[in-house]
Amino acid sequence: MKTKLIAPSLLSADFGNLQRDIEMLNNSQADWFHVDVMDGRFVPNISFGFPVMKTVQQHAKKFVDVHLMIVEPEKYVEEFIELGADLVSVHYEACVHLHRTINLIQSKGAKAGVVLNPSTPVLMLEDIIADVDLVLLMSVNPGFGGQKFIENTYKKISETKDLILSNNSTALIQIDGGVNLDNASKLFEAGADVLVAGNAVFSSPDPERTIELLKL
Ligand code: DX5
Ligand code: ZN
């Protein structure tokens, strides 16, 4: 997988015009579709589930990245993969048997990512880093779009990079929450490979141009 990727989050799309927004992303320089699934239990908000995922499957022509903010994600990963997920990321905090869940995702033919909340230290990944395809560092507390970026994330990127190198891991580093035109290039420089952007893209008067600018 190449780096410096932008993954617009559909959480900030206009659900009344979801197909239109997906087509816009198909025609843009966006690399991935980021799909935020929230259950009202792991996070204090409910977003959407399989019916919206079906619409994404029908129209999206790029890599589909599913971020599960749900308890017991192992119960649902298979169905998301059947509905076209190329990557499924699960929270460290939501998985009692993380190694088993990562293996399950990969055995069903998808890439597997592990997500850390802002307060979870990177060192918790020591015994899973060699097995994952991606580490997603939350740069806001998950649950809502449009929140303020937490600056401590830069430190966590450099710790994650060190952990990846010392374990000969090929994992990509993804950042999610509060990414915008002011911090995107700094995040790539710090070692991020994939940036999720919701509000920055969809609240902009020219989303396609904003995606281009996020990559500069
Ligand atoms: C937050 C979600 C994010 C969110 C990012 O819980 O995981 O993917 O959509 O939105 P922005 O870019 O607006 O912070
Ligand atoms: Zn997300």
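Beta carbons closer than 6 Å, at least 6 apart along the sequence or on distinct chains, pair a first residue in the stretch 173-202 that is free of Cβ contacts under 8 Å to residues at least 24 places away in the same chain with a second that is outside any helix (DSSP H, G or I) and away from ligand 2 (no atom under 14 Å from the Cβ) for Ala200/Asn180. Could you list, in sequence order, all residues of the stretch 111-123 that are of a type in the set (A, V, I, L, M) and open to solvent by 10 Å² or more (accessible area, probe 1.4 Å)? Of everything in the stretch 111-123, just one residue is of a type in the set (A, V, I, L, M) and open to solvent by 10 Å² or more (accessible area, probe 1.4 Å), namely Leu123. All conditions in (1) open to solvent by 20 Å² or more (accessible area, probe 1.4 Å); (2) away from ligand 2 (no atom under 16 Å from the Cβ) hold for Ile150, with the sole exception of (2).
A single member of Glu79, Glu126, Glu72 is acidic (Asp, Glu), surrounded by fewer than 22 Cβ atoms within 10 Å (Cβ to Cβ) and within 26 Å of Asn17 (Cα to Cα), and it is Glu79.
Being among the charged types (D, E, K, R) and in contact with a Gly (Cβ under 9 Å, 6 or more places away or on another chain) is the requirement here; does Asp133 meet it? So Asp133 fits the description; yes. Applying the set (1) more than 16 Å from ligand 2 (Cβ to nearest atom); (2) part of a helix (DSSP H, G or I); (3) not polar (S, T, N, Q) to Ala130 leaves exactly one unmet item: (2). Checked against (1) open to solvent by less than 40 Å² (accessible area, probe 1.4 Å); (2) more than 13 Å from ligand 1 (Cβ to nearest atom); (3) not hydroxyl-bearing (Ser, Thr, Tyr), Gln57 passes all but a single condition, namely (1). Applying the criterion of at least 1 residues that are more than 18 Å from the chain's Cα centre (by Cα) to the helices (runs of 4 or more DSSP H) found wholly in the stretch 147-210 leaves 153-166, 184-190.
Looking only at residues in the stretch 22-54 that are β-branched (Val, Ile, Thr) and surrounded by 16 or more Cβ atoms within 10 Å (Cβ to Cβ), the one that is nearest to the chain's Cα centre (by Cα) is Val35. Looking only at the stretch 126-148, decide whether some residue is within 16 Å of ligand 1 (Cβ to nearest atom) and free of Cβ contacts under 8 Å to residues at least 12 places away in the same chain. Scanning the stretch 126-148, I find no residue that is within 16 Å of ligand 1 (Cβ to nearest atom) and free of Cβ contacts under 8 Å to residues at least 12 places away in the same chain, so the answer is no. Of Phe48, Phe42, Phe15, all but one fail to be touching a residue at least 24 places away in the same chain (Cβ under 8 Å), under 21 Å from Ile102 (Cα atoms) and among the hydrophobic types (A, V, I, L, M, F, W, C); the exception is Phe42.
Here is a yes/no grid of residues against (1) among the β-branched types (Val, Ile, Thr); (2) open to solvent by 20 Å² or more (accessible area, probe 1.4 Å):
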site	(1), (2)
Ser166	no, yes
Thr170	yes, yes
Val179	yes, no
Phe188	no, yes
Val194	yes, no
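The values are calculated or read from the model by the stated rules, or taken from the named source; none is laboratory data. Predicted model, so just to flag it, every value in this text is computed and none were measured. Virtual Cβ from ideal backbone geometry, glycine too; neighbours counted across all protein chains shown. Quick note on the areas: whole protein, heavy atoms, side chains included, nothing else; ligands and nucleic acids left out. Shrake-Rupley method; radii C 1.70, N 1.55, O 1.52, S 1.80 Å.
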